[in-house]
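What follows is a short report on a single structure.
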Amino acid sequence: MIQAPKLSRRARWAIPAGALVITGGVLAGSLITAAQAAPGLPARTAAQLLAEVADSTPPPLTGTVVETASFGLPSLPATGNPTSLSSLLTGSHTIRVWYASPGHFRLAVPQSLSESDVIRDGRTAWLWQSTLNKVTKFTLPAHAAASAVPKQPLTPQQAAQQVLAAVGPTTTVRVNSNVTVAGQAAYALVLAPKDARSLIGQVQIDVDGHNGVPLRLQVFARGASSPAFQVGYTDIAFVKPAAADLSFTPPPGATVTQVNLSDHPAAAKHHARPDVTTIGSGWVTVLELPSSDLTSGPSAPGSGHSPGDDAAVLRTLLAAATPVHGAWGSGRLLRTSLVSVLITDQGHAFVGAVQPSVLYDAAAAQPH
């Protein structure tokens, strides 16, 4: 077991209001291809794998990703929309991937009777929602990163980059036995927080043995034997996608909205939320935001689903919260195996993959 080295590139955090409970890059599930007998690969150290995942650029590829969440939440109202809060927090979702380069890719989230697509073609990105026949066209800043495209679903590569942002002196890293994911031989890189206040027990990133691409990421709650959230490929081919799979023309009759993100390059790059404050660092990071963001359930522009969808989900979650009080004040606590949420009567909300005591300390440090 080694101490995690500092990485030269740090992941960027995306903080959409509806996904705040997925603090710390929390990701995993049960529908991903199960590991088979350990395949043979050249020996690699944890430090070598960390550097490779942090600094490598994926080769062209096509594939299918399945993402599954099981946070131990109460039963939530179904909305039927893949971008809704309920869909983010529960169940399983499939993502089709066509990737040529950071500036040219397509991600599709198919549903039984609909599909949502994110397409990037250089400085132009499209969000298409078939149910509403609604298209949003984004103009991106020059040299924008792949993560600058709003509303795109999570891939194993992006998930790994987010988790690696927490790697540092507070993390132990090791390499487990090799695994097979989506038919590919892969190294199993395991990261575990040293701080017992983190609810995360360990994160396993399965790295393709030949291309260095993260194929699967699993996050386990402390003491758990099965993951709470997983995102990974069920099939993958390292080939260049066909040009037709990367092009997009709004369908006839579609409502097209244009958004120019090049006027706000910093926001496009970091998906910044000015009203969200980060407290602490690494595995015990806490997000503070106005409690109205949680209690009112706002929908982001272009999200394509009704604010009422998220409001119903949030009411269900808040009904399961427990009244708490302390030197910091009073409020309600929602705790799962992997995430804690504190909503104070003073109008603040604190979210983290941490023990409630960390949230209480964060609340106590705020001016009243």
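The values are calculated or read from the model by the stated rules, or taken from the named source; none is laboratory data. Because the structure is a prediction, the values reported are computed rather than measured. All Cβ positions, glycine included, derive from the backbone under ideal geometry; neighbour counts span all protein chains shown. These area figures cover heavy atoms from the full protein model, side chains too; ligands, DNA and RNA do not enter into them. Shrake-Rupley method; radii C 1.70, N 1.55, O 1.52, S 1.80 Å.
Considering only the stretch 129-169, how many residues are small (Gly, Ala, Ser) and modelled with pLDDT under 70? Break it down into steps so the answer makes sense when it comes.
Applying the first criterion (small (Gly, Ala, Ser)) to the stretch 129-169 yields 130, 142, 144-148, 159-160, 165-166, 168.
Next, from what is left, pick out any that are modelled with pLDDT under 70: 144-148, 166.
Total satisfying the criteria: 6.
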- Message: If Gly103 satisfies all but one of (1) more than 19 Å from Thr45 (Cβ to Cβ); (2) within 18 Å of the chain's Cα centre (by Cα); (3) not acidic (Asp, Glu), what's the number of the condition it fails?
- Response: (2)
- Query: How many residues does the stretch 116-131 hold that are surrounded by fewer than 17 Cβ atoms within 10 Å (Cβ to Cβ) and closer than 22 Å to Asn260 by Cβ?
  - Reply: 4
- Going by the structure shown, is Val97 at pLDDT 90 or above, aliphatic (A, V, I, L, M) and over 19 Å from Thr257 (Cβ atoms)? yes
- Message: Quick check on the stretch 68-80: of everything there that is open to solvent by less than 30 Å² (accessible area, probe 1.4 Å) and under 17 Å from the mean Cα position of the chain (by Cα), which residue is modelled with the lowest pLDDT?
- Response: Phe71
- Item | Enumeration of residues in the stretch 244-264 that are farther than 23 Å from Ser101 by Cα and exposed (fewer than 10 other Cβ atoms within 10 Å of the Cβ) | Pro252, Gly253, Gln258
- Task: Give the number of residues within the stretch 83-94 that are surrounded by fewer than 19 Cβ atoms within 10 Å (Cβ to Cβ), at negative phi and at pLDDT below 85.
- Result: 2
- Could you give me the residue pairs with C-beta distances under 6 Å whose first residue belongs to the stretch 160-187 and is over 25 Å from Val354 (Cβ atoms), whose second residue is basic (Lys, Arg) wherever it lies, and which are 6+ apart or on separate chains? Val181/Arg216; Tyr187/Arg44
- Going through the stretch 99-115 one residue at a time, which ones are closer than 23 Å to Pro252 by Cβ and open to solvent by 20 Å² or more (accessible area, probe 1.4 Å)? Arg106, Pro110, Gln111, Leu113, Ser114, Glu115
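When only residues in the stretch 329-368 that are assigned to a loop (DSSP other than H, G, I, E, B) and over 15 Å from Ile279 (Cβ atoms) count, which is most open to solvent (accessible area, probe 1.4 Å)? Step through it out loud before you land on a result.
Here is the first cut: in the stretch 329-368, the residues assigned to a loop (DSSP other than H, G, I, E, B) are 336-339, 345-347, 353, 355, 365-368.
After this cut, where a residue has to be over 15 Å from Ile279 (Cβ atoms) as well, the list is 336-339, 345-347, 368.
Values: Thr336: 16, Ser337: 65, Leu338: 0, Val339: 9, Asp345: 106, Gln346: 89, Gly347: 32, His368: 159 Å².
Here the residue is His368.
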- Query: Are there any pairs with C-beta distances below 9 angstrom linking a residue in the stretch 197-216 that is without any contact (Cβ under 8 Å) to a residue 24 or more places away in the chain to a residue that is open to solvent by 10 Å² or more (accessible area, probe 1.4 Å) and among the charged types (D, E, K, R), with the two at least 6 apart or on different chains, and if so which?
  - Reply: Gly201/Arg222; Gln202/Arg222
- Query: Only one of these conditions is not met by Thr57: (1) among the polar types (S, T, N, Q); (2) within 21 Å of Ala237 (Cα to Cα); (3) open to solvent by 50 Å² or more (accessible area, probe 1.4 Å); (4) at pLDDT 85 or above. Which number is it?
  - Reply: (4)
